[in-house]
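What follows is a single structure, written as C-alpha cells, with notes after it.
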Amino acid sequence: MEWSRQPEAWLLMRDNGGALSNATVEQIANVITTLVRADRFSEGTLARSFETGTLHALAERAETLLAI
C-alpha cells in the first residue's frame, strides 16, 4: 500500500508525540489497514500494536470523532 511508505504513515504508525490524537477518519482507516496487512506477513504486528498502545490510541481517536 503506497500510503504506508509516506512520512505521514511513519508518524502515525509510531504515534510519536500523540500524532494519532489528531488523526482523521481516513488516517485511522489507513493505519488499521496497514497493521492488519502487516500482520499477515509478520505475525505479531497487531499484538505489538496493542502492547505499545497504538490500537488503544486509534480506538480513543475514533470514539472522539464519533462524538463530534
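Nothing in this text is a laboratory measurement; each read-out follows from the coordinates by a stated rule. Please read all numbers here as calculations on a predicted model, not as lab measurements. When we count neighbours, we look across all protein chains shown, and the Cβ atoms used for this are built from the backbone with ideal geometry, even at glycine.
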Q: Please verify whether segment 21-37 includes one or more residues that are part of a helix (DSSP H, G or I) and touching a His at 6+ places or on another chain (Cβ under 8 Å).
A: no
(Q) From the list E26, E51, E63, exactly one residue is under 21 Å from W3 (Cα atoms), out of contact with any helix residue (DSSP H, G or I) (no Cβ under 6 Å at 6 or more places or on another chain), surrounded by fewer than 18 Cβ atoms within 10 Å (Cβ to Cβ) and among the acidic types (D, E). Which is it? (A) E26
